[in-house]
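Heads up: the structure comes next, in structure tokens.
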Amino acid sequence: MDLRGVIFDLDGTVVENDYDWVRIREELGTGATSILAYLDSLEGPERAAKWTILESHEAEQTEASILREGVRELLDVLRARGVAAALVTNNSRKNTEFLLEKFGLEFDCVVTRESGLWKPSGAPFRDVMNNLGLEPGTCGVVGDTHFDVLAALDAGIGAIFLVSDEPEQFAGFPVEVFPDMEFLRDRLESLLSA
């Protein structure tokens, strides 16, 4: 594989935190709709009130986030090999910038929810590819949830790498699951050396 770019997810992938998405979805009343699509469909005071609920959960988790072990080393490997690293998150620009500054991380392209492009749509991944001059066949995605998988597939990206200690969650999906960044780094290094 001619890997020229890797698109990373933020929460749960680059940084570790402890969002209770089931409870947050219940609090917001989203039903089966994605949180951002649901909030975008609301109007007036209800919209403002529910955005405030989400933002308070995000602020708490952003403050508590820690850098996932091995991320910095993986980014260094990609940079040394001339592979672009991008970040796509459904989180806000404010929280994303806080975390990038806190951990001293840099990406070649960053797409946050303010772009209006959200996972599980492949639109934010297509935006990254357009910005960096990449094709789906030269891109990989590193994430930790089904949203990352669905967005990658929607964007035509077949190289999907997940960091999870529950690989059975992704049975039936065309993905590779790794227990940590060290195993993932070894895999990407082997792809880059092939």
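The values are calculated or read from the model by the stated rules, or taken from the named source; none is laboratory data. Predicted model, so just to flag it, every value in this text is computed and none were measured. Backbone-built Cβ (ideal geometry, glycine too); neighbour counts: all protein chains shown. Remember, those area values only see protein heavy atoms, side chains included, never the ligands or the DNA or RNA. Shrake-Rupley method; radii C 1.70, N 1.55, O 1.52, S 1.80 Å.
Some notes on this structure:
- Residue list for the range 76-121, restricted to those being open to solvent by 20 Å² or more (accessible area, probe 1.4 Å) and part of a loop (DSSP other than H, G, I, E, B): Arg81, Gly82, Asn90, Gly104, Glu106, Phe107, Asp108, Gly116, Leu117, Trp118, Pro120, Ser121
- A residue that is more than 17 Å from the chain's Cα centre (by Cα) and without any contact (Cβ under 8 Å) to a residue 40 or more places away in the chain occurs nowhere in the range 83-98.
- Restricting attention to the range 185-194, the residues being assigned to a helix (DSSP H, G or I), open to solvent by 70 Å² or more (accessible area, probe 1.4 Å) and at pLDDT below 95 number 1.
- Within the range 141-163, being of a type in the set (Asp, Glu) and open to solvent by less than 10 Å² (accessible area, probe 1.4 Å) holds for one residue alone: Asp148.
- Count - residues of the range 16-55 that are of a type in the set (Gly, Ala, Ser), part of a helix (DSSP H, G or I) and open to solvent by 70 Å² or more (accessible area, probe 1.4 Å): 1
- Selection within the range 55-71 - more than 16 Å from the chain's Cα centre (by Cα) and free of Cβ contacts under 8 Å to residues at least 40 places away in the same chain: Glu55, Ser56, His57, Ala59, Glu60, Glu63
- Among the conditions (1) small (Gly, Ala, Ser); (2) touching a strand residue (DSSP E or B) at 6+ places or on another chain (Cβ under 9 Å); (3) outside any strand (DSSP E or B), Gly140 misses just one, which is (3).
- All told, Glu182 meets the bar of being under 21 Å from Glu69 (Cα atoms), open to solvent by 60 Å² or more (accessible area, probe 1.4 Å) and in a helix (DSSP H, G or I).
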